[in-house]
Amino acid sequence: MERPGGRLVQHFGNSEATNGAFSFQGNVYGNIQISYSRDRPLELFDSLPEAAFNAASKDHSPSCLENTRRNVLEQIENWADSDGERRIYWLKGMAGIGKSTIALTVARKYARLGRLGASFFFSRGDGDLASAKKFATAIAAQLADALPELRSLIEDAITSNTEIHHLGLYEQWQKLVLESLRQLGGNKYPHSIVVVIDALDECDNEDDVSLLIQCLAAATVVEGMRLRVFVTSRPEQPTNIGFDSISRDLHQDFILHDIEQSIIDQDLVLFYKGRLARIAKKFGLSDHLLSDETVQSLVRKSNGLFIHAATVCRFIEEGGQLAGERLSVVVAARGTPSKPEKELDQMYTTVLIHSLPTQLETEELTKVQALFRLIVGSIVVLSEAMRPPDLAVVVEEPTDVVLSTLHRLHSLLDVRGENRPIRLLHPSLRDFLLDPARCQNKTFLVDAQAVHFRLFNCCLRLMKNHLRRNICRIERPGTRACDIPKSTVEKYISLPLQYACRYWIYHLQQSGIDPNDSLGIMDFFQTRFIHWLETLALIGRLSEGITMIRWLEAKLAVSSTALNLKGDNLIKLRSMLSRMEGKLRRKPIYTASASHRSTNSLYPTVYDAMRFVLSHSAIIEEAPLQLYCSALLFSPEKSIIRTHHSDEIPKWILCRPKTLEDWSPYLQTLIGHSDW
């Protein structure tokens, strides 16, 4: 058996075994079975299965009802099956008009036909689903499953590029997808392969939106591969700019809200009749729910928005035996505003008002409203969807209080018990609750900055209370992160703690506060910074930590410099620093001993932390516990981080190496991360 990757030599006494052979000396009793299995490279990546159309979170997401959306679905089918040059279909439309339902319908259809290559459903506020970081690996993994001939090519690409997970988005896409498709060559598939990308506008980085469009465009022009890419989004500026940057001949556009109103209304009639008939049957209600007059009234109020219709039906169904009364409330709501968004806002307000318990004392009502702002407000601004128990830990409220607060909001939120993450049923709810011009009932208006500030402090509290040295109780300090079972990491590092470690800086950014005004930040760097780095390395997120520290250092540098510089001098300094940016891997910068140290106590600490993590990131990422017996030990003697955490250096290290007094005047830039 030939073992890849060089010559392996094993010594047993005076004999040796090479290249996968085995040598034994002595007597052997019983049977011997020896096997060698090569790691499957794709399994080394987080393929983000929750991004796919068939993820568990989409189990109850409906497809288009039969006989609805026929025109647009037929057009999409004709495009997908054609040999035309326009290989990207961009379906754009306003929020709530039904783009995601159409995307789900398309993905499910072509999956049944065996022609779905991959799918990625973006979702703002849902962690990695709102980011492009894992887009290339997720699509590559799905393509490998869908097209068996492609799997070995993608695995070879991973094997030959061991640092591929550190590369930028387009580089990953180039090596995993484009090169693999080119090597596949020939017309191996008689029919086109469809890739579905939903809600591209919900990617949280506007620059990545344009880059993603370029990635998709490059894949569609690979010779010998009939790849069709179906994309949905709101017609927002980043997406418009992205599609404008590629050839007009490559994409076909369809504006969903430009469909003739009579066609949309007929689809809404079918939708309402189907859903109301099911509700009437479920609760044994009279047929007045299905009268033409009632249905037409609801259709007029929906004003072309399917999310409005879906919210109305969920609200009515939640009423149970009182469904008829809830229907009357919706029909009797005043006015039919000219803009669909206004009618949706009114529907959201109606549902929220009915979610409040009745007959409460003033003090009780105030408490209920405060819980709404805290719990629902947190759900709206969180960077990742959380299960109720995890949310309870973050916001410091009992789980039963969280569940009771959400109990009457199932027409707006996807709440399926304690073991499933809470999600918004539609992102338009977030837009509504955060916008004072739309949410005019102040009871429900969410002050985003206030909630972010609360969550920022909750994150600091979680890290202060739970981070510690060797959090996963690893026996050997040289143990590599990749050799630590995921189950061990999940056992010792709870999801709320993982969230706090990954997003505390994000909530600080969004809170609008000056970092200098937070005593908790200084305490964090003095007592928990090293433990934080260890934890990030264990969960595979150290690169995110570097980005966070770089942002905080830059933020503090500006505020610190502003104390001493004004007007033209500040402009000159920024210009000078800009010119110092280059393409070299090492570049000279100012040192922490400059005037910054005397103007602000937090800045030099954060600056030193940045130098620390940039200098030692490779070893920390490889073996997290080397933080204590290597990174601290080999940091400069006057390093602030080393001084604060010197007690963490193992006592068994008796002879300490002589190091520089201060950091070198060169700042390391890691290959593949020049944006740091």
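What follows is calculated from the coordinates using simple rules that are stated; it is not laboratory data. Since the model is a prediction, treat every value here as computed from it, not as a measurement. All Cβ positions, even for glycine, are placed from backbone atoms using ideal geometry, and neighbour counts span all protein chains on display.
Structural remarks
- Under the simplified labelling scheme, the Ser82-Lys638 pair shows an inter-label distance of 7.0 nm, with each label point 7 Å from Cα along Cα→Cβ.
- Qualifying trypsin sites (Lys or Arg not before Pro) in region 472-505, DSSP loop, other Cβ atoms within 10 Å at most 14: Arg473, Arg480
- Among the trypsin sites (Lys or Arg not before Pro) in region 267-355, those located in a DSSP loop and surrounded by at most 11 other Cβ atoms within 10 Å of their own Cβ are Arg334.
- The length gained by stretching the chain between Ser247 and Gln369 to full extension, at 0.36 nm per residue less their Cα-Cα distance, is 38.8 nm.
- Using a Förster distance of 45 Å, the FRET efficiency for Asp292-Asp145 (Cβ separation, nearest 0.05): 0.40
- Rounded to the nearest 20, the size of the Cβ-charge dipole of region 85-125 about its Cα centre is 60 debye, with Lys and Arg at +1 and Asp and Glu at -1.
- Percent of Cα-Cα distances greater than 17 Å, calculated over region 193-319: 67
- Relative contact order, percent, region 332-487 [alpha-carbon distance under 8 Å, six or more residues apart]: 23
- Region 261-334, relative contact order in percent, only Cα pairs under 8 angstrom and at least six apart counted: 33
- Using 0.36 nm per residue and subtracting the Cα-Cα separation, the extra length available between Gln237 and Asp647 on full extension is 142.4 nm.
- When you count the other C-beta atoms within 10 angstrom of each residue and take the mean per peptide, 522-532, 97-107, 652-662, 400-410 line up highest first as 97-107, 522-532, 400-410, 652-662.
- Cross-link partners for Lys342 among the aspartates and glutamates, with Cα-Cα distance under 19 Å and sequence neighbours closer than 8 places in the same chain left out: Asp258, Asp265, Asp431, Asp435.
- Rounded to the nearest 20, the size of the Cβ-charge dipole of region 44-258 about its Cα centre is 640 debye, with Lys and Arg at +1 and Asp and Glu at -1.
- Förster-model FRET efficiency, 56 Å R0, Gln359 and Ala618, C-beta, rounded to 0.05: 0.35
- Spatial separation of Cα centroids for region 130-208 and region 455-506, in angstrom: 30
- DSSP-loop GluC sites (Glu not before Pro) across region 303-377, with at most 12 other Cβ within 10 angstrom: Glu361
- Among Gln266, Val331, Ala310 - extreme Cα towards positive end, dipole of region 261-334, charges at beta-carbon: Ala310
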